[in-house]
Amino acid sequence: MIPDDEKGYKLDLFCVPKHYEEDLDQVIIPHGLIMDRTERLARDIVRDMGGHHIVALCVLKGGYTFFADLLDYIKALNQNSDKSVPLTVDFIRLKSYCNDQSTNIVKVIGGDELSTLTGKDIVETGRTMETLLSLLSECNPKMVKVVSLLVKRTPRSSGYRPDYIGFEVPDLFLVGYALDYNEYFRDLSHICILNENAKEKYKV
């Protein structure tokens, strides 16, 4: 849990792309800490899922880096332990933000036919879960578990909690590690706090 009064780390302590130096306030979760926490989540998932076949469903675009790293750790566990879990992957894209505000309308874009998930165990990563969980329930999966790298403490929350959480974070607009602001900052390795000037600079 990252407290509300967490000040983060100065940018000059880390490698940050020069073109973003004026846009960020602080690094709030360094890349190394993200990786360590992701490895722990992978271990917990493999332990809990037993030998069940997992369909790992990635929510694009914000979830793709976390998804790839999580699967790498699960694959390493499969190769280096006595127990392993069969694993296949699928992708779906959800869009609900314009600039830094949620539109409260979730658009499902692309993705394969969800009916292929019938009867499967699904581990899902990403945001806007309640809409997606409603769609998935129509396909009658055997089990659905949600993994989210970040859960934001906010009065706007519906109260939904994922099954696996990487970090609980303050109500700040965070970018990096594939989290974007109007498609910028996905190429940033650390999770950082976006400053107000950047919100105007990259506004659409």
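None of the figures in this text is laboratory data; all of them are computed from the coordinates on show. Values in this document were obtained by computation on a predicted structure and should not be read as measured data. Positions of Cβ are backbone-derived with ideal geometry, glycine not excepted, and every protein chain shown enters the neighbour counts.
List of remarks:
- Too-long pairs where the Cα-Cα distance tops 30 Å, listed order kept, from Lys75/Lys142; Lys142/Lys203; Lys7/Lys83; Lys145/Lys201; Lys10/Lys83: Lys142/Lys203; Lys7/Lys83; Lys145/Lys201; Lys10/Lys83
- Most to least packed among 41-48, 151-158, 2-9 [average Cβ atoms within 10 Å]: 41-48, 2-9, 151-158
- Percent of Cα pairs exceeding the 17 Å cut-off, where the set is the stretch 1-69: 62
- Ranked by how many other beta carbons lie within 10 Å on average, peptides 184-196, 134-146, 78-90, 55-67 from highest: 55-67, 184-196, 134-146, 78-90
- Under 12 Å of direct C-alpha separation, and excluding same-chain neighbours fewer than eight residues apart, Lys152 reaches these aspartates and glutamates: Asp4, Glu168, Asp171.
- FRET E, pair Met1, Glu200, Förster distance 30 Å, beta-carbon r, rounded to 0.05: 0.45
- Taking the Cα centre of the stretch 1-99 as reference, the dipole from Cβ charges on Lys and Arg (+1) and Asp and Glu (-1) amounts to some 440 debye.
- Bridgeable aspartates and glutamates around Lys199 (alpha carbons under 15 Å apart, same-chain partners fewer than 8 residues away excluded): Glu21, Glu22, Asp23, Asp25, Asp100, Asp180, Glu183.
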